[in-house]
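Student: The structure's right below; bear with me while I get my questions together.
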Amino acid sequence: MPEARATIGKKEAVPSGGGAVPAAVAVDAGPAPGKPRSLWSDAWHDLRRKPSFVIPALIILLLLVVAAFPGWFTSVSPRAADLTNNYLREPELTHFFSPEWLGYNQQGQSIWARMLYGTRASIVIGVAVTVLVTVLGSLVGMLAGYFGGWVDALLSRVIDIFLGIPFLLGAMVILVSFDTRTEWTVTFALAFLGWTTVARVMRGSVISIKQSDYVAAARSLGAGTSRILLRHVLPNAMAPVIVVAMIALGGYITAEAVLSFLGIGLSEPSISWGGDINRAQGQIRIAEHILLYPSILLSITILSFLMLGDAVRDALDPKLR
Amino acid sequence: MGRYVVRRLLQMIPVFIGSTFIIFMMMYALPGDPVRALWGERAPDEAQMAAIKADLGLDDPILLQYWNYLVGLVQGDFGTQIQSRREVIDVISDALPATLRLTALAFLITAVVGIGLGLLAGLRAGKKTDRGILFLSLLLISVPVFVIGYLYQTYPGVKWGWITPTVRDSENWGELLLPALALASLSLAYVMRLTRSTIVENRRADYMRTARAKGLPQRRVVGNHLLRNSLIPVVTFLGVDLGNLMAGAIVTEGIFNINGIGRTVYEALNAREGATVVGVVSFIIIVYLVIALLVDLLYAVLDPRIRYA
């Protein structure tokens, strides 16, 4: 099905895509309810053959598998601590994927195993915060943008207030009050302060869409407010929101790592890259590999999500090319 | 112009009250009693504890406490530390110079290097230089600031011995260079990308062709026409970012051992010193709001078509 559309749309997809999107979406929205087809299948057709999308997507897929089943890739427990494993010994990179191939940390735990098991925390927090922020931000942004007037004035002030709070400091203040901090505590803190960006984007997007002809047509056909919002406004306003959310995902993973690094993020016994990097600071002068390997994996993860977001943005908005 | 400024100042009031209220509520909802902590392991003297609480106003209802705090704030009183009995404003003004110097240096690096590299990439869009700069920016965004900080500290600082790894004297700009570079890295990357994309957008504008056709030298075409027209979104970002740099200094100051605002707030947070935390955050919020206003006024300088009624 994407193939047929692809061959027709290939030549003209770039020039006509940007302007024609809303109209085409409205006409096409018939069979799959609420799902604009042409925009997304065009984007998918574009993305499939771009290495800047395929490579990060494959890395993220692999990270998801590691996050779900870290035990598939190592035989030792990340918490097994054997102090006869000397952390000062230079890791030998020859034993690929054996527990000692990246060396041991100061507790005699396998760095490789801890990196694998730490993946889950970063991925879960990144994805969960993004989902929460997208839902909450879209809701607030849609109400503010669609109803305007005093609703907009009120919600916009609330957005301004939350934007005024410094993100990292605010998250620290929330998290200090919990003695044990799990993935969900950190998710709550980051989502509580992070939803404003999505809300602003959604508001702008809805304001431009509510003046379009197909919304006027739906209204004159007697559609109710909820139907207009869910069937017409929301699907068409979603594209920029999803792009912003995808790019922000990498930022949430960074934020979790920074908080854990400061000792205010995930607490023991949770395993996270940021926490391991925090505990490795003391040894940086004598054994920097303890700090370096989790940092490299953390950076690759953030980079992959960023590149994925960038690629999707380019595909959804041909004007930006 | 004057009326616009007054209107903007009035709009700031609810935002300021709302943000400080949220931080205040979160801070004072924390478990743990800092007054009780004054006695440590010893049994507290109940009467003395009650007297200290009454003196600091900690036994009032929370909303009244917030109201008193706000009234004090308007008069320039940021409250008193419980442990040391120091005025919070003194604590802030002791720590502020180091953070201001660090932030200023980081801001300078962000603006000069970011705009410079972004301009270079934009003018050579699609070429090797452009791709190199874009990749550098992605790298700077994806490596978290604490990793960059430790890399700078370990390699040029400890292993190669080019520069002192920690800051002993925050008035020495040379020692502040490494932490400022680390602090600036994320904003630097964003400024590069933003400058590049606006330059690419404006490069083919009609006024550029006109300027070239008039026979203006390349320097003038790029400097006066292209750059000035492309800077508005960059200036917006730089303005918002100044507040983020101050808040982000918390990590950099820890790694490089600088006694600034970030260290102060981090220690206060762990000691449950509510007044200090709320004071520092309120201060950063004020900085953030004032800069946002200044940025808006700066638009008119960059683009004379923008006027404020």
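The values are calculated or read from the model by the stated rules, or taken from the named source; none is laboratory data. As the structure is a prediction and not an experimental result, all values here were calculated from the model. Note: ideal-geometry Cβ built from the backbone for every residue, glycine included; neighbour counts use all protein chains shown. Heavy atoms of the whole protein, side chains included, go into the accessibility calculation; ligands, DNA and RNA do not. Shrake-Rupley method; radii C 1.70, N 1.55, O 1.52, S 1.80 Å.
Student: When only DSSP loop residues count, what GluC sites (Glu not before Pro) in region B:1-92 have their Cβ near at most 12 other Cβ atoms within 10 Å? Spell out each step's value before the answer.
Tutor: Values: sites: B:41, B:46, B:87; in loops: B:41.
Of the GluC sites (Glu not before Pro), the ones in loops of region B:1-92 whose Cβ has at most 12 other Cβ atoms within 10 Å are B:41.
Student: Towards the positive end of the charge dipole of chain B, with charges on Cβ (+1 Lys, Arg; -1 Asp, Glu), say which of B:92, B:132, B:300 has the farthest Cα.
Tutor: The one lying farthest along the dipole's positive direction is B:132.
Student: Quick one: order B:192, A:238 from most to least accessible surface, probe 1.4 Å.
Tutor: So the residues, ranked largest to smallest area, are A:238, B:192.
Student: Further question: What whole number of Å gives the distance from the Cα centroid of region B:198-247 to the Cα centroid of region A:231-265?
Tutor: 29 Å
Student: Could you check the spin-label model distance between residue A:88 and residue B:129? Points 7 Å from the Cα along Cα→Cβ, value in nm.
Tutor: Once both label points are built, they end up 5.0 nm from each other.
Student: Right, something else. How far is helix B:173-202 tilted off the main Cα axis of chain B, in degrees rounded to 10, range 0 to 90?
Tutor: It works out to around 50 degrees.
Student: Roughly what angle does helix B:261-270 make with the longest principal axis of chain B, taking Cα atoms, 0 to 90 degrees, to the nearest 10?
Tutor: 40 degrees
Student: Counting pairs of alpha carbon atoms under 8 Å apart in space and at least six apart in sequence, what relative contact order in percent does chain B give?
Tutor: So the answer I get is 26 percent.
Student: Just how large is the dipole of region B:201-250 about the Cα centre, in debye to the nearest 20, putting +1 at every Lys and Arg Cβ and -1 at every Asp and Glu Cβ?
Tutor: For region B:201-250, the charge dipole is close to 480 debye.
Student: Using Cα-Cα distances under 8 Å and only pairs 6 or more residues apart, what relative contact order does region B:2-88 have, in percent?
Tutor: On the way: 31 pairs, mean separation 18.8, N = 87.
Relative contact order for region B:2-88 comes out at 22 percent.
Student: Anything over 30 Å Cα to Cα? Flag those among A:50/B:127; B:127/B:214; B:127/B:159, in the order listed.
Tutor: Checking Cα-Cα distances, B:127/B:159 exceed 30 Å.
Student: Share of region B:2-88's accessible area from carbon and sulfur, percent, 1.4 Å?
Tutor: Answer for region B:2-88: carbon and sulfur cover 60 percent of the accessible area.
Student: While we're looking at this one, here's another question. Rounded to the nearest 0.05, what FRET efficiency is calculated for residue A:150 and residue A:219 with R0 set to 25 Å and r the Cβ-Cβ distance? Mind showing how you got there, number by number?
Tutor: Details: r = 21 Å, r/R0 = 0.85.
Computed FRET efficiency for residue A:150 and residue A:219 comes out at 0.75.
Student: With Kirkwood's inverse mean 1/r over C-alpha pairs for Rh, give me the Rg to Rh ratio of the protein assembly as shown, two decimals please.
Tutor: We get a ratio of 0.98 for the protein assembly as shown.
Student: Now a separate question. Chymotrypsin sites (Phe, Trp or Tyr not before Pro) within region B:24-108: which are DSSP loop residues with at most 10 other Cβ atoms inside 10 Å?
Tutor: Working: sites: B:24, B:28, B:39, B:66, B:67, B:69, B:78, B:107; in loops: B:78.
Here no chymotrypsin sites (Phe, Trp or Tyr not before Pro) fit, given the DSSP loop and packing criteria.
Student: Using the basic label-point model (7 angstrom from Cα toward the beta carbon), what is the residue B:155 to residue B:4 distance in nanometres?
Tutor: Placing both labels 7 Å along Cα→Cβ, they lie 4.6 nm apart.
Student: Further question: For region B:127-163, which trypsin sites (Lys or Arg not before Pro) are both in a DSSP coil and crowded by at most 12 other Cβ atoms within 10 Å? Let's see the in-between values first.
Tutor: Working: sites: B:127, B:128, B:131, B:159; in loops: B:127.
Answer by residue number: B:127.
Student: Could you give the accessible area per residue of region B:95-302, probe 1.4 Å, as a whole number in Å²?
Tutor: 42 Å²
Student: So between residue B:287 and residue B:218, what do we pick up on full extension, going 0.36 nm a residue minus the alpha carbon distance?
Tutor: Full extension from residue B:287 to residue B:218 adds 21.0 nm.
Student: Cα extents of region A:216-278 along the three principal axes, largest first, in whole Å?
Tutor: The Cα atoms of region A:216-278 stretch 60, 20, 14 Å along the principal axes, largest first.
Student: At a Förster radius of 45 Å, what calculated FRET efficiency corresponds to the Cβ-Cβ distance of residue B:232 and residue B:84, to the nearest 0.05? Please report the intermediate quantities before stating the final value.
Tutor: Values: r = 46 Å, r/R0 = 1.02.
FRET efficiency, residue B:232 to residue B:84: 0.45.
Student: May I ask you to compute the full-extension gain from residue B:21 to residue B:305, defined as 0.36 nm times their residue separation minus their alpha-carbon distance, rounded to one decimal in nm?
Tutor: 98.4 nm
Student: Between residue A:100 and residue A:283, how high is the FRET efficiency from 1/(1 + (r/R0)^6) when r is the Cβ-Cβ distance and R₀ = 22 Å? Nearest 0.05.
Tutor: Working from the Cβ atoms, E equals 0.80.
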